[in-house]
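> My questions will all concern the structure given below.
The values are calculated or read from the model by the stated rules, or taken from the named source; none is laboratory data. Computed from a prediction, not measured in an experiment: that's the story for all the values here. Here the Cβ positions follow ideal geometry from the backbone for every residue, glycine too, while neighbour counts run over all protein chains shown.
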Amino acid sequence: MSTSSISLRSALLPRSSALTSSVLVASGTLFIAALAQIALPIPGSPVPVTGQTLAVLLIGSSYGASLGVMTFLTYILVGIAGAPVFANAGHGLARLTGATGGYLVGMLVASFVIGALAGRRWDQRIITSIPAMLLGNVIIFSFGLFWLHAFTDKSWTWTISAGFTPFIVGEVIKIAIAGTSLPLVWRFVQK
């Protein structure tokens, strides 16, 4: 298999149709929703630890920029429409416009950036995949923290302690999972 494919999806499905893309978007949306339900509340914080960021890293890098964005945008729209897809079976516009909405916006942007980097083959080697996943997390938490700070009007110390510090260990694990699993999958695809 050629390494010139722009995403894992295009390497596995070189002649993708509208139906194939629709199935991928639907299954990716379900995957994000499922991992969002792995949610651990943080005492004193409106932001739970979820598997959502891992899903975004994997979908963005596997699907590529455009399909990754389309998948996460579908996830957001389905949640706004009332499906209980957000963390803790949450739904509605309030999740996007509330204290944690910045994390969702950050995930949308991160899915594009990670997908674009995957298009440059950053997902094919651990030495580039880990930094791509780290950058995705920086984007997610940058949007999330600025939004959380603006929404709550609390100090930056509180914002960092409620919206970032409790997530460090989990995010390192998710970055390691995503940053190593994609290169491993590529090894099998390229054989």
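> Of all residues in segment 162-191, count the ones that are free of Cβ contacts under 8 Å to residues at least 12 places away in the same chain and more than 15 Å from the chain's Cα centre (by Cα).
6
> Applying the selection to segment 79-94, what residues are surrounded by fewer than 21 Cβ atoms within 10 Å (Cβ to Cβ) and touching a helix residue (DSSP H, G or I) at 6+ places or on another chain (Cβ under 6 Å)?
80, 91, 93
> Another question, if that's okay. Would you mention how many residues in segment 115-132 are in contact with a Gly (Cβ under 7 Å, 6 or more places away or on another chain) and among the hydroxyl-bearing types (Ser, Thr, Tyr)?
Number of matching residues: 1.
> Okay, next question. Identify, by number, the condition in (1) within 14 Å of residue 141 (Cα to Cα); (2) in contact (Cβ under 8 Å) with a residue 60 or more places away in the chain; (3) not charged (D, E, K, R) that residue 58 doesn't meet.
(1)
> Let me ask something else about it. Name the residues in segment 36-88 that are at positive phi and at pLDDT 95 or above, would you?
82
> Can you give me the number of residues within segment 69-115 that are in a loop (DSSP other than H, G, I, E, B) and either of a type outside the set (Gly, Ala, Ser) or under 13 Å from residue 52 (Cβ atoms) (or both)?
Residues in segment 69-115 being in a loop (DSSP other than H, G, I, E, B) and either of a type outside the set (Gly, Ala, Ser) or under 13 Å from residue 52 (Cβ atoms) (or both): 4 in total.
> Would you check if residue 112 is surrounded by 18 or more Cβ atoms within 10 Å (Cβ to Cβ), in contact (Cβ under 8 Å) with a residue 40 or more places away in the chain and touching a Gly at 6+ places or on another chain (Cβ under 6 Å)?
No, not satisfied.
> If you check 66, 16, 62, which single one turns out to be surrounded by fewer than 20 Cβ atoms within 10 Å (Cβ to Cβ), assigned to a helix (DSSP H, G or I) and not aliphatic (A, V, I, L, M)?
Being surrounded by fewer than 20 Cβ atoms within 10 Å (Cβ to Cβ), assigned to a helix (DSSP H, G or I) and not aliphatic (A, V, I, L, M) holds for just one of 66, 16, 62, which is 66.
> Output yes when any residue across segment 164-187 is touching a Leu at 6+ places or on another chain (Cβ under 7 Å), of a type outside the set (D, E, K, R) and more than 30 Å from residue 13 (Cα to Cα), and no when none is.
yes
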